[in-house]
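A.B. asks: Below are the structure tokens for one structure; questions will follow.
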Amino acid sequence: MKKFFIYFVPILFVASSFIIMTSGSWLKEPFRSDDDLAAYVENIESNVREENWEDANKEYNRARKAWELIKIRIQYSVEREDIVAINEALFRVEGGIEAHDSQAILSEIYYFYGLWREVG
Amino acid sequence: MQESLVVIVRASITFFTILLYARLIGKQLIGNFTMFDYINGITIGSIAATLATDLSSKALVHWIALTVFIVLTILLQFIGLKSRYLSKIQDSEPVILMQKGNILEKNLLKVRITKDELMQQLRSKDVFSPVEVEIAILEPDGTLSVLPKSDYQTVQKKDLHVPAEPVKLTTELIIDGKVIPQNLEQRQKNEDWLMDQLKIRGVKSLKEVSYAALLPNEMFYLDKVDDNISDDLNISDYDGPY
């Protein structure tokens, strides 16, 4: 029993450490009905293309809430700079919606897509 | 980002990873601290510090670097065990610095050690005159091994034909009021014998005992929690607390 414990605890520790350090790629995926960040940003894109600014703003608010949830989940395994960059991209999208500037929003959204693919 | 929380998690991972890896490396690192071991240890420490606190990069990257260093260290240990030649390449060979009282300047130059440093190392080995040295060897871990000339070697019991006694270790029997049955058994004693010894010395309860041991000469050593020490030998100059 003691021998089992001596080997089991370190193996369990290494395995759980590894899981924590690599969890970003799957913890960014949606777990609930209100945390599908990628889908919300895609919705913002389609609303902006149709110049549907009110719906774009609603989708942005959902995206912001989803990001606050995801950020807490993935912060242990991703680089701080990536989190800061996604934060900035979302704030710029918010500014673009306020200014009804579709060009600025689209460039930020595609920057976000790139970050989102790499994060985790 | 909750940076404090992330640092707590990363520092905990680092702490226990180092603990685990240090156990895997074994005691060899502390025993034979060659220059390579020293630099390797510092590098591992530096990577571990980055793993704990550098939030600008992924923890996994540093953890992998730490693991690679440990794996390579263990690999080199095994290579050293399997091949004496490769072990010498890793750790270098011992170098003779003095022979029959003479300083070997060429070898000193080879290992870049000054005469002052050599003398300092000799003094730390209680050798205060180079004349006393038969041979002085610089070991790969940087320590100096000195064999004094026969005239300067200490007298051993067998030189004086004094009958030898078997050597034993001090065996701990009670620590902080807790009896260690395995050690009692080792010295062929039992708890009744232990209790008798305590009773003779006026101990009523095990709680009164801080440390008890059986010395190599079969004497019983007892240290009580209550030391009953007077203030005569108090070396403090002020009342304190400090």
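A.B. asks: Output the qualifying pairs, or none if there are none: Cβ atoms under 6 angstrom, residues six or more apart or on different chains, first residue in region B:86-109 and of a type in the set (Ser, Thr, Tyr), second residue modelled with pLDDT under 95.
C.D. replies: Taking only residues 6 or more apart or on different chains, the pairs are B:87/B:80; B:92/B:140.
A.B. asks: I've got another one for you. Could you give every pair whose Cβ atoms fall below 7 Å, whose first residue belongs to region A:64-90 and is touching a residue at least 24 places away in the same chain (Cβ under 8 Å), and whose second residue is of a type in the set (Val, Ile, Thr) and assigned to a helix (DSSP H, G or I), counting only separations of at least 6 or pairs across chains?
C.D. replies: A:67/A:86; A:76/A:20; A:76/B:6; A:76/B:9; A:77/A:20; A:77/A:22
A.B. asks: From the list A:77, A:17, pick out the single residue that is over 12 Å from the mean Cα position of the chain (by Cα), under 19 Å from residue B:3 (Cα atoms), of a type in the set (Ser, Thr, Tyr) and assigned to a helix (DSSP H, G or I).
C.D. replies: Unique residue meeting the criteria: A:17.
A.B. asks: Next up: In region B:120-131, what residues are surrounded by 15 or more Cβ atoms within 10 Å (Cβ to Cβ) and among the hydrophobic types (A, V, I, L, M, F, W, C)?
C.D. replies: B:122, B:127, listed by residue number.
A.B. asks: Another question, then. Which one is surrounded by the most Cβ atoms within 10 Å (Cβ to Cβ), of the residues in region B:109-119 that are within 26 Å of the chain's Cα centre (by Cα) and under 15 Å from residue B:94 (Cα atoms)?
C.D. replies: It comes out as B:118.
A.B. asks: If I ask for residues that are farther than 17 Å from residue A:86 by Cα and part of a loop (DSSP other than H, G, I, E, B), which ones from region A:29-62 would you list?
C.D. replies: Across region A:29-62, the qualifying residues are A:31, A:32, A:33, A:34, A:50, A:51, A:52.
A.B. asks: Check residue A:30 against each of (1) surrounded by fewer than 16 Cβ atoms within 10 Å (Cβ to Cβ); (2) within 14 Å of chain B (Cβ to nearest Cβ); (3) not aliphatic (A, V, I, L, M) and name the one condition it does not meet.
C.D. replies: Of the numbered conditions (1) surrounded by fewer than 16 Cβ atoms within 10 Å (Cβ to Cβ); (2) within 14 Å of chain B (Cβ to nearest Cβ); (3) not aliphatic (A, V, I, L, M), the odd one out for residue A:30 is (2).
A.B. asks: Same structure, new question: Filter the helices (runs of 4 or more DSSP H) completely within region B:1-86 down to those with at least 2 residues that are within 14 Å of chain A (Cβ to nearest Cβ).
C.D. replies: In region B:1-86, B:3-25, B:35-53, B:59-82 are the helices (runs of 4 or more DSSP H) which contain 2 or more residues that are within 14 Å of chain A (Cβ to nearest Cβ).
A.B. asks: Looking at residue A:82, is it surrounded by 15 or more Cβ atoms within 10 Å (Cβ to Cβ) and either out of contact with any Asp or Glu (no Cβ under 6 Å at 6 or more places or on another chain) or more than 14 Å from chain B (Cβ to nearest Cβ) (or both)?
C.D. replies: Yes, satisfied.
A.B. asks: Yes or no: region B:132-146 includes at least one residue that is surrounded by fewer than 15 Cβ atoms within 10 Å (Cβ to Cβ), closer than 24 Å to residue B:34 by Cα and in contact with a strand residue (DSSP E or B) (Cβ under 6 Å, 6 or more places away or on another chain).
C.D. replies: Checking region B:132-146: at least one residue is surrounded by fewer than 15 Cβ atoms within 10 Å (Cβ to Cβ), closer than 24 Å to residue B:34 by Cα and in contact with a strand residue (DSSP E or B) (Cβ under 6 Å, 6 or more places away or on another chain).
A.B. asks: When you scan region A:1-13, do you find a residue that is part of a helix (DSSP H, G or I), aliphatic (A, V, I, L, M) and surrounded by 15 or more Cβ atoms within 10 Å (Cβ to Cβ), even just one?
C.D. replies: No, the conditions are met nowhere in region A:1-13.
The values are calculated or read from the model by the stated rules, or taken from the named source; none is laboratory data. Worth saying up front: this structure is predicted, and the values here are computed from it rather than measured. Don't worry about glycine lacking a Cβ; one is built from the backbone with ideal geometry, like all the others, and counts go over all protein chains shown.
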